[in-house]
Amino acid sequence: MVQISLGDWHSPDYTAEQIISRLDTVSKLIPIEKVIIGWSDNKDIYRQVGEYLHGRNIRMLLWLPVFAETDGVCDNKPAVDLWGKQPENYEKAAGNGFRFTCPSDPQNIANVVALYDHMFNDCGFDGVFLDRIRTQSFVTGVSGVLGCGCPVCVERFAAEGVDIQTVKAEYESQGDAFFSVKGYSTADGFIFENPVAESFFKAKGHVVSNSVAAVADSLHNRGLEVGMDLFAPFLAPFVGQDYAILASHADFFKPMLYRACRAPAGMGYEYVQLLKSLPAATGYPHFQFDTDFLKSQLRIMNSFSCGKYPGIEINYDDEILPITDHYVRESLEAVQDCNVDGVVYAWNIMEAPLSHFVK
Ligand SMILES: [Zn+2]
C-alpha cells in the first residue's frame, strides 16, 4: 500500500498527471494493492487517478482527517483541556489546521461523514483511510493529553465511571507524578501508579475510540472499506486509541511505526515530548527504537483480526525525515518478519527517493 499526500484542502501539491506518472514508476518497483490519497477538494485528481488505478485492479482510498485539520471544510467544535482551554497548536510540520476538535460532539462526527458524502462520494473511492483519530499528544505539553474536557466529554467520562473533577483535582495536587508509571511491558503497556490516572486513560480510550467507531460504521454502511492510521501501541493510550475497540470497526490498521520521524506520530519524537512534558514523572524506561522494538509493537497486534499494514516512512526530508536506504531496508525487513498483511509505504511516495522502494 502507498500513500500520496496532496497537502491542504484547497491547493493540491501535484497534478493527476504527475501522480499517475509516479505510480507508473513505483508500481514497477513494488507491488501496489491500494493507494491512500488525500485530502484535497479537487475531485478531478481522484477521478483521473481512480480510472488509472481501477484499470490495474488497484483500490483507491480517501485519506480523511477526522478530529483535526478540518478547519475551513467543517464547522467543528474544538477540543479543550480539563480547564476548558484549547490546547496549544502544533505548527512545525503542518499548517494552522493541526488543531484538534472534540471527539464526542455528535455534530463533529456527523460533519466528517457529511464531508465524505458531499465532497468525495462521486470520486470513485473504494474506501476511506481515517487519520487524526485521536486527541492531541504531548507535542504541546500535557494539555491536549488531559482532554477533551468539554461538557459533552465530561458526561461521557462520567458514563465510564470517571469523574473529571476528581481527575483535575488529582492532577493539580500531584503534578507530573499523576503520570508516573509502575513500568512498561509489551503485554500490558504502561501501568499508571495512580488509579485515577489509570481509569482516566482507560475511559479516554473508550470515549475517543467509540466515536471513531461511529465514523467508521457510517462509512462501512456506504459500502466503503475503512483503514485507520494509529499511533504505535505503546503511545496509543495517551491519545485515546483503544486498539481493541478500533480493531472491530476497521478493515485494517496502519500503526505508524516511525522510528526516524522527527514530527508528530514519530515514536522517538513523541516519547521525547512525553518525557520533556513530565520531567518529574517516574517509571518511564529508556527505549531503544531499534527493529526489535518495532517487532515488539507488532506482536501486540497479533490478537486483532483486522488487517495489519504497519506504516514505514520512506519519504525524505532534511529536517523531519533524514532517512537512508539502509534505514528503509531494515525497517521493511523487520516488519515483514512479523505476522503482517502488508506494509504502508508512508507517507508520501511523491517525495521519496526511488531507492526507498524496496520489496
Ligand atoms: Zn469534548
Next on the checklist: Out of G144, G149, G124, I need the residue that is in contact (Cβ under 8 Å) with a residue 24 or more places away in the chain, surrounded by fewer than 20 Cβ atoms within 10 Å (Cβ to Cβ) and in a loop (DSSP other than H, G, I, E, B). Which one?
Outcome noted: G124
Item to check | Test set (1) modelled with pLDDT under 95; (2) touching a strand residue (DSSP E or B) at 6+ places or on another chain (Cβ under 9 Å) - S331 fails condition number | outcome: (1)
Checklist entry - Is there a residue in the stretch 275-288 that is in contact (Cβ under 8 Å) with a residue 24 or more places away in the chain, part of a loop (DSSP other than H, G, I, E, B), out of contact with any helix residue (DSSP H, G or I) (no Cβ under 7 Å at 6 or more places or on another chain) and surrounded by 17 or more Cβ atoms within 10 Å (Cβ to Cβ)? => result no
Checklist entry - Can you name the residue in the stretch 332-348 that is more than 19 Å from the chain's Cα centre (by Cα) and closer than 12 Å to L298 by Cα and, of all such residues, is surrounded by the most Cβ atoms within 10 Å (Cβ to Cβ)? => result A334
Next on the checklist: Just to be sure I understand, how many residues within the stretch 57-83 are more than 16 Å from the ligand (Cβ to nearest atom), part of a strand (DSSP E or B) and either over 19 Å from A16 (Cα atoms) or hydrophobic (A, V, I, L, M, F, W, C) (or both)?
Outcome noted: 6
Checklist entry - Does S137 count as more than 16 Å from the ligand (Cβ to nearest atom), of a type in the set (S, T, Y), surrounded by 16 or more Cβ atoms within 10 Å (Cβ to Cβ) and in a loop (DSSP other than H, G, I, E, B)? => result yes
Checklist entry - Given the residues A203, A232, which is the only one that is at pLDDT 95 or above, aliphatic (A, V, I, L, M), more than 14 Å from the ligand (Cβ to nearest atom) and surrounded by 20 or more Cβ atoms within 10 Å (Cβ to Cβ)? => result A232
Next on the checklist: Let me spell it out: the conditions are (1) surrounded by fewer than 19 Cβ atoms within 10 Å (Cβ to Cβ); (2) within 15 Å of the ligand (Cβ to nearest atom); (3) not β-branched (V, I, T), and G223 meets all of them except one. Which number is the exception?
Outcome noted: (2)
Item to check | All positions within the stretch 152-177 that are away from the ligand (no atom under 13 Å from the Cβ) and either β-branched (V, I, T) or in contact (Cβ under 8 Å) with a residue 24 or more places away in the chain (or both) | outcome: E160, G161, V162, T166, V167, K168, E170, Y171, G175, D176, A177
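The values are calculated or read from the model by the stated rules, or taken from the named source; none is laboratory data. It should be emphasised that the depicted structure is a prediction, and the values quoted were computed from it without experimental measurement. Because the Cβ atoms are built from the backbone with ideal geometry, glycine has one as well, and the counts that use them run over all protein chains shown.
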